[in-house]
Amino acid sequence: MNVPADLRYAKTHEWIRLEGDTITVGITDHAQAELTDIVYAEPPKVGAEVKAGATAAVVESVKAASDIYSPLSGTVTEVNSELSGNPALLNTDPFGQGWIYKMKASNSSEIEALLTPEAYTAQIS
Amino acid sequence: MSDPNTLKHSPLEAAHIACGARMVEFGGWSMPVQYSGIIDEHKAVRSASGMFDISHMGEVTVSGPGALVWLESLLTNRVGKLALSRGQYSLMLDEGGGVIDDLILYRSGEQEYFLVINAACRDIDLAWMRGRLPADGSVVLNDLGDAYAAIALQGPDSERILRALAAGCEVPKRNRIASLPGFEGEVPSLVARTGYTGEDGFELFVPVAKGEALWNVLLDSGVKPCGLGCRDTLRLEMGYPLNGSDLSRERTPLEAGLGKFVSLDDPEKPVFTGRPVLESQRAKGLPAQLTPLKLTVQGPPLRSHYPVLSEGSVVGETCSGALSPSLGEGIAMAYLPAVLSTPGTSLEIEVRGRRYAAIVATLPFYKKPAA
């Protein structure tokens, strides 16, 4: 399973990427493989307040709907509009074109509580 | 769900693991939900061929001089119209007209019938039937569920594959059963031309010890292993009901739209369990009707237990639902008041608090393109 070294991870299989004060959120390669064919994604709305550990988005495979938990608390600034027409991006490029939303964190100390790539790799192996 | 320690295992489980199956619990059994992916497997069955392990289903033979009369009293369809080797879909009801199980029954001998029943209902069905056997011994019931491995070969290439598999095999016509040479054992090997996908296909019943050999020869013929995931999307595209989702003790076959498998108007059909309730429903009007629904907007895949609304009020809930892989549309079944079940009626389906426009559709949802 691919676990990029420049990201931080939630135990619930989401990743974050830090660029300045913008945080991008998606699901991991491991998560997409477990979910199988993703046919629908419901990202949060721009401007929505999200809380660390609370449901922020839903992705659905043919078989099941799965909640996606926000790794951090804060405000959603952008959502990936490509996912509505092509939810399979979550399967084919989970760390790239399959990102789900961008946010500004309200409590940057939460980042420290997330897993390092090494710790996440250990969790899924 | 069931206790994992009591989960039953298919005789083909090792073959599934070797094919990369993802196993899940279904009806008390550990069964494959998918291998290569539900959409990929679904499309293989629609365009070429796929195979499903159906060893979890129950096989029962009913024989003896009293078999016909006894089955007539238990089942909704008229058994007496079956010529030798023919099969029919039928329902077993309780006294309230509710569905205990839906099944396929073949006349496998002059006085012998071969029944295929649902996995989750095996114990219930057998207890129901055994409790009603005539005391005079004129009917013999044999539970062969653990003696058979069974595989459904489905898809437009099925006949060609079956002919190659069993050279000289009598290929039965639709809804008929024949013996399958080459897989002899403790119980007779059988091939029936039926299925649960809407495609041409066969259900193959072989002795447990021959199951893996049959699976492997089909695999070598290029048939794609398919799991319960696409079995569900395929059957729902056809509007075939699933017991436990669309059928239950709370609903009659008339409410489920299965009237053509209930011989109420056949003068030769004797009284059967549940019949008075069906007659009364027919006289008074159905309290609800199983209705096909289709989203008219882009939306999430439909699933069971989503509220269905008419003019803002909840009028029912979905019992089966999916994103149809063939159509790319959300499809579902719901019990609705009869006035709302006319095709074209506008409704809404609520998913996670959001309402999506839907209409009453016609069955099947998926119609095969003209060849």
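The values are calculated or read from the model by the stated rules, or taken from the named source; none is laboratory data. Owing to the predicted nature of the structure, the values given are computational and were not obtained by experimental measurement. Please note: Cβ atoms are built from the backbone with ideal geometry, for glycine as well, and neighbour counts cover all protein chains shown.
Structural remarks
- From B:S90, B:S36, residue being of a type outside the set (A, V, I, L, M) and part of a strand (DSSP E or B): B:S90
- The criterion of being closer than 26 Å to B:L105 by Cβ and assigned to a loop (DSSP other than H, G, I, E, B) holds for B:L254.
- Criterion violated by A:T77 - all others in (1) surrounded by fewer than 19 Cβ atoms within 10 Å (Cβ to Cβ); (2) away from chain B (no Cβ under 14 Å); (3) assigned to a loop (DSSP other than H, G, I, E, B) satisfied: (3)
- Selection over the stretch B:78-112 of residues that are surrounded by 18 or more Cβ atoms within 10 Å (Cβ to Cβ), more than 16 Å from B:L258 (Cβ to Cβ) and touching a Gly at 6+ places or on another chain (Cβ under 7 Å) gives a count of 1.
- Looking across the stretch B:94-123, just one residue is basic (K, R) and outside any strand (DSSP E or B), and that is B:R122.
- Subset of the stretch A:80-122 (residues that are small (G, A, S), exposed (fewer than 13 other Cβ atoms within 10 Å of the Cβ) and in contact with a helix residue (DSSP H, G or I) (Cβ under 9 Å, 6 or more places away or on another chain)): A:G96
- Subset of the stretch B:34-48 [over 11 Å from B:K224 (Cβ atoms) and more than 11 Å from every other protein chain (Cβ to nearest Cβ)]: B:R46
- Restricting attention to the stretch B:128-161, the residues that are more than 24 Å from B:E112 (Cβ to Cβ) and outside any loop (DSSP other than H, G, I, E, B) total 6.
Rundown of residues vs (1) crowded, with 21+ Cβ neighbours inside 10 Å; (2) without any contact (Cβ under 8 Å) to a residue 12 or more places away in the chain; (3) out of contact with any helix residue (DSSP H, G or I) (no Cβ under 7 Å at 6 or more places or on another chain), yes/no style:
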{"residue": "B:G195", "(1), (2), (3)": "yes, no, yes"}
{"residue": "B:F202", "(1), (2), (3)": "yes, no, no"}
{"residue": "B:F205", "(1), (2), (3)": "yes, no, yes"}
{"residue": "B:A209", "(1), (2), (3)": "no, no, yes"}
{"residue": "B:A213", "(1), (2), (3)": "no, no, yes"}
{"residue": "B:C226", "(1), (2), (3)": "yes, no, no"}
{"residue": "B:M238", "(1), (2), (3)": "no, no, yes"}
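- Restricting attention to the stretch A:60-72, the residues that are more than 14 Å from chain B (Cβ to nearest Cβ) and either out of contact with any helix residue (DSSP H, G or I) (no Cβ under 9 Å at 6 or more places or on another chain) or more than 17 Å from A:K11 (Cβ to Cβ) (or both) total 2.
- Those residues of the stretch A:32-59 which are away from chain B (no Cβ under 14 Å) and crowded, with 22+ Cβ neighbours inside 10 Å, in sequence order: A:V50
- Considered as a group, the residues in the stretch B:331-345 that are small (G, A, S) and in contact (Cβ under 8 Å) with a residue 40 or more places away in the chain include one that is nearest to the other protein chains (Cβ to nearest Cβ), and that residue is B:A332.
- Taking residues in the stretch B:16-30 that are closer than 25 Å to B:I124 by Cα, and partners anywhere that are among the acidic types (D, E), the pairs with Cβ atoms closer than 9 Å and at least 6 places apart or on different chains are B:M23/B:E13; B:G28/B:D123; B:S30/B:E13.
- From the options B:S245, B:S158, B:S221, residue that is more than 19 Å from B:Y113 (Cα to Cα) and crowded, with 17+ Cβ neighbours inside 10 Å: B:S158
- Verdict on A:T22 being surrounded by fewer than 16 Cβ atoms within 10 Å (Cβ to Cβ), at pLDDT 95 or above and touching a helix residue (DSSP H, G or I) at 6+ places or on another chain (Cβ under 9 Å): no
- Complete set of residues in the stretch B:286-330 that are of a type in the set (V, I, T), in a loop (DSSP other than H, G, I, E, B) and within 14 Å of another protein chain (Cβ to nearest Cβ): B:V297
- Selected residue [within 14 Å of chain A (Cβ to nearest Cβ), in contact with a strand residue (DSSP E or B) (Cβ under 6 Å, 6 or more places away or on another chain), outside any helix (DSSP H, G or I) and on the phi < 0 side of the Ramachandran plot] from B:M31, B:M23: B:M23
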